[in-house]
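Shown next, in structure tokens, is the structure this report addresses.
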Amino acid sequence: MNRLPAYFRLLHSLSSASTIQDGAPGSYSAAAPVSQRRRLEAPRSRPALTLIAALVSLTLAACAGVPRGTPSGAAGTTPASPLAAEAAASAATPAGMDAPQMPKTSVAAAAAASGAAAPEDKLDVLLEDNLNPGQKVDLDAPKTHVDLWSRIRAGMAMPELDNDLVRKAEDWYSTRPDYVARMTGRGSLYLYHVVEEVEKRGMPMELALLPFVESAFRADAQSTAKAVGMWQFMPATGRDFDLKQNIFRDDRRDVLASTRAALDYLQRLNKMFDGDWQLALAAYNWGQGNVSRAVARNQKLGLPADYDNIRMPDETRYYLPKLQAIKNIVMHPETFGLELPAVSNHPYFLSVNIDRDIDVALAAQLASLDEETFRQFNPQMNKPVILAASSGQILLPYDNASTFVTNLEKHRGPLATWTAWVVPRTMKPADAAKQVGMSEAGLREINRIPARMLVKQGSTLLVPRNASRDKDVSEHLADNASIMFAPDVPPLRRVSLKAGKGETVASVARRYRISTTQVAQWNRVSTKATFKPGQAVVVYLRENQQVVAEAEPAKGRAKPAVRATATRTPTKVAAKSPRNASNSKARTARVATSNRNGGGNVATAKTPSTTTLR
């Protein structure tokens, strides 16, 4: 079991078994008046006074009414750090008594209370158990030594499945011990928090195993259908359960937020299907509308409408058997020749509340973690900066949270080197990069700008901070930022043509090397439409693209419209001669063009009467 540094354990009141020696140096609040500190430093023969002084110190700290500095008469004393002040307050609690909860305090405020100047650019932080804020976590309590798997086994409550699909899934997992080891190893980081939430809601403990089926407990998993996170939320379903998705973050990957949303969703589905967890899980995989229709279909036919009898896709049919197989492995791993890692029955990580933007790289460095490991606990971050207005917290293992706070106190200088910039007008990436002072390649990479695209007005880009852009990102921008692109193509001009015989959307598209969809949209017809002879046809061409005029087909080659009637009048087609064609009257075709601003010019072209202007 991971052990905390002494002062960090004191900070969170994690050790209720430790005893306090009366008058022990340092067992007082650094913010307490001198008279109280002297009483706390009394000889061991006066335990009553020590206890009274400790209680007074705690009362003052809890009421946030402590003096803002050490009295001037306290010569020779050194102001303690804010963390030491809170640790000392925790240490002053007599053995056997629960420590009163400290108010939420910022580092800056605590530093001011202890007489120390608050460093510039310091984060407001609060280390807390994210599942039970305000409650003491005792790592030495007997329950923390219980294996979490035993707690999961005791909470199983769903009906058993026993069929060939279950045995198929069991065989699959049991023949892949390395896969199971990786999956359960990842799950051990988050499993306690999922179990806590499931238990709080009175839900069957099998649901805590569902991320094994959905994603193998990978918080960064993404399916081909764009489902994301260890609970595999689709974008629309995620938004329905308040999982924010923007350029800065995707809460579908957030361990705590996605767990809350998944259990909310499962509770809704369970209620929708009258308490049937099997149907609820089928709906979680297949969609509630699909399962509802399948149930209604069986009810209409007078057939059983439970999980075993409704029609569903093979993937959904195999969904519950996979969960049952994992349940069986958890219940009796030795039967399948597998070994589960030991998982302690206490939180693996803490949440550290922040109120300033901070670079991911710097946060990882302050926590003594490599960036990859840091992102395992904070996979929702899309960019190299954590926005306080959006996230508000980071997750860190216990020991690393302690290290983070200690190193943060010592840190000097800016916390974030990135900020958000709203594009004032539609711009080329090169122009935007020049305006914000970075390379075009760097701007494209960090903002994922595709090639041959313009950045549209109102888009939000991540850019370096400078003297004119040194503010943290606002809450509105952090929650609503988006980026929009437009094709970077030359300006187009509108050209109006007259259709010839047998002219179709496809033939016009081929001639000008544009898509049939575009031609159809411009003319408000279907992609398979045929134009009437003489009908006006609109196309948009590049400035340097010429209007094409095709010559009369050579003898023996008929145009499509002529070929269509050739079976009725074949002799007429054969009777046409090049001489007749060359002597035909000429006609004038007017081609209307317009410039990019909508103004127009009129171009005149002479072609043979048997030639259609394309």
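A compact table of results
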quantity	calculated
Test set (1) closer than 30 Å to residue 357 by Cα; (2) in contact with a helix residue (DSSP H, G or I) (Cβ under 7 Å, 6 or more places away or on another chain); (3) among the small types (Gly, Ala, Ser) - residue 227 fails condition number	(2)
Output for the stretch 399-444, where each listed residue is under 18 Å from residue 472 (Cβ atoms) and surrounded by 14 or more Cβ atoms within 10 Å (Cβ to Cβ)	408, 411, 414, 415, 416, 417, 418, 419, 420, 421, 436
The one condition in (1) over 24 Å from residue 191 (Cα atoms); (2) in the same structural domain as residue 149 (by the TED database) that residue 328 fails to fulfil	(1)
Residues located in the stretch 471-491, provided they are over 19 Å from residue 449 (Cβ atoms), open to solvent by less than 80 Å² (accessible area, probe 1.4 Å) and of a type in the set (Asp, Glu)	472, 479
Residue selected from the stretch 230-251 under the condition touching a Pro at 6+ places or on another chain (Cβ under 8 Å) and open to solvent by less than 20 Å² (accessible area, probe 1.4 Å), by the criterion farthest from residue 444 (Cα to Cα)	231
Test: residue 368 is within 25 Å of residue 474 (Cα to Cα) and either among the hydroxyl-bearing types (Ser, Thr, Tyr) or modelled with pLDDT under 95 (or both)	no
Helices (runs of 4 or more DSSP H) completely within the stretch 282-379 that count 3 or more residues being open to solvent by less than 70 Å² (accessible area, probe 1.4 Å) and not basic (Lys, Arg)	288-300, 319-331, 360-366, 371-377
For residue 450: the one exception among (1) within 30 Å of residue 381 (Cβ to Cβ); (2) in contact with a Ser or Thr (Cβ under 7 Å, 6 or more places away or on another chain)	(2)
Matching residues, the stretch 448-464, being within 17 Å of residue 387 (Cα to Cα) and either open to solvent by 50 Å² or more (accessible area, probe 1.4 Å) or touching a residue at least 60 places away in the same chain (Cβ under 8 Å) (or both)	460, 462
Pairs, first on the phi > 0 side of the Ramachandran plot and of a type in the set (Gly, Ala, Ser) in the stretch 307-319, second part of a loop (DSSP other than H, G, I, E, B) and open to solvent by 60 Å² or more (accessible area, probe 1.4 Å), C-beta under 8 Å, six or more apart	none
Positions within the stretch 380-405 being charged (D, E, K, R) and in a helix (DSSP H, G or I), in sequence order	399
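The values are calculated or read from the model by the stated rules, or taken from the named source; none is laboratory data. If you're wondering where the values come from, they're calculated on a predicted model, not measured in any experiment. So basically every Cβ, Gly included, is an ideal-geometry build from the backbone, and we count neighbours across all protein chains shown. Each accessible area value is taken on the protein alone, full model and side chains, heavy atoms only, with ligands, DNA and RNA left out. Shrake-Rupley method; radii C 1.70, N 1.55, O 1.52, S 1.80 Å.
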